[in-house]
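Each remark here refers to the structure printed beneath this line.
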Amino acid sequence: MAEKARRPMTIDEFFEWQKHQDRNYELVDGLPVMTVRAMTGATDRHDSITVNTIAAFGNQLRGTSCRPKTSDTSILTSRGTRRPDVLIECGKPDPRSMTADDPRAVIEILSPSTTRYDRFQKLAEYQQHPAVKVVLLVDSEAPQVTIWRPGPEWLGDRGSHQPRRDDRVGGDRHVARAG
């Protein structure tokens, strides 16, 4: 039986609808889309990388106006909303908001099932956000991080990474540290 076409939602309609769901969705071109992690769950490796990333950034950002957020917080993009694995938000927090108002860094933990989508579609959307200063794509299958930074064109560095002076999200804290 064919499902009736749904009417595209606005951002506000989507967030009102999302409040009544038991799983997280993203809004893509006006339609709610269940995240891959909501459908399948994350592997232990993916989850460990996410938790370690949040802990590391939480420690690095202590005492600044920036803080790590989980995939429960959305980022608004040109196509709707996305839920990166981790993001760094700066500025005054709004306890009622479901979106990051000032997302400075976006971190996606790549899984075999999401790598292509995260590397191309989601990366392109994050790169268009005016507040985003860095996008980290962390490979969960190999010890590799790709770091994208804005410039005349977004530039990507791949491999192990030593912090540079401009690798800052907020205050005097580094975006990435070699482990």
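Do we find that Val33 is assigned to a strand (DSSP E or B), surrounded by fewer than 17 Cβ atoms within 10 Å (Cβ to Cβ) and hydrophobic (A, V, I, L, M, F, W, C) in this structure? For Val33, the condition - assigned to a strand (DSSP E or B), surrounded by fewer than 17 Cβ atoms within 10 Å (Cβ to Cβ) and hydrophobic (A, V, I, L, M, F, W, C) - is met.
Residue-wise test of (1) in contact (Cβ under 8 Å) with a residue 24 or more places away in the chain; (2) closer than 24 Å to Gly58 by Cβ; (3) not β-branched (Val, Ile, Thr).
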residue: Ile75; (1), (2), (3): yes, yes, no
residue: Arg82; (1), (2), (3): yes, yes, yes
residue: Thr99; (1), (2), (3): yes, yes, no
residue: Arg104; (1), (2), (3): yes, yes, yes
residue: Ser113; (1), (2), (3): yes, no, yes
residue: Ala124; (1), (2), (3): no, no, yes
residue: Pro143; (1), (2), (3): no, yes, yes
residue: Trp148; (1), (2), (3): yes, yes, yes
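Restricting Gly63, Gly58 to residues that are without any contact (Cβ under 8 Å) to a residue 12 or more places away in the chain, small (Gly, Ala, Ser) and either surrounded by fewer than 18 Cβ atoms within 10 Å (Cβ to Cβ) or farther than 23 Å from Ala131 by Cβ (or both) narrows the list to Gly58.
Of the residues His161, His174, the single one that is under 19 Å from Arg62 (Cβ atoms), surrounded by 13 or more Cβ atoms within 10 Å (Cβ to Cβ) and modelled with pLDDT under 65 is His174.
Which residue is farthest from the chain's Cα centre (by Cα), if the candidates are limited to the range 56-80 and must be β-branched (Val, Ile, Thr) and under 13 Å from Leu123 (Cα atoms)? Among those that are β-branched (Val, Ile, Thr) and under 13 Å from Leu123 (Cα atoms), it is Thr77. Mind counting the residues in the range 107-139 that are small (Gly, Ala, Ser) and either at pLDDT 90 or above or under 13 Å from the mean Cα position of the chain (by Cα) (or both)? So the answer is 2. Among the residues making up the range 102-120, those that are surrounded by fewer than 19 Cβ atoms within 10 Å (Cβ to Cβ) and touching an Asp or Glu at 6+ places or on another chain (Cβ under 7 Å) are Asp102, Pro112. Taking first residues from the range 23-34 that are β-branched (Val, Ile, Thr) and partners that are in a loop (DSSP other than H, G, I, E, B), the Cβ contacts under 9 Å between residues at least 6 apart in sequence or on separate chains come to Val28/Arg79.
The values are calculated or read from the model by the stated rules, or taken from the named source; none is laboratory data. Given the structure is predicted, the values throughout are model-derived calculations rather than measurements. Counting neighbours? That spans all protein chains shown, and the Cβs are built from the backbone with ideal geometry, glycine included.
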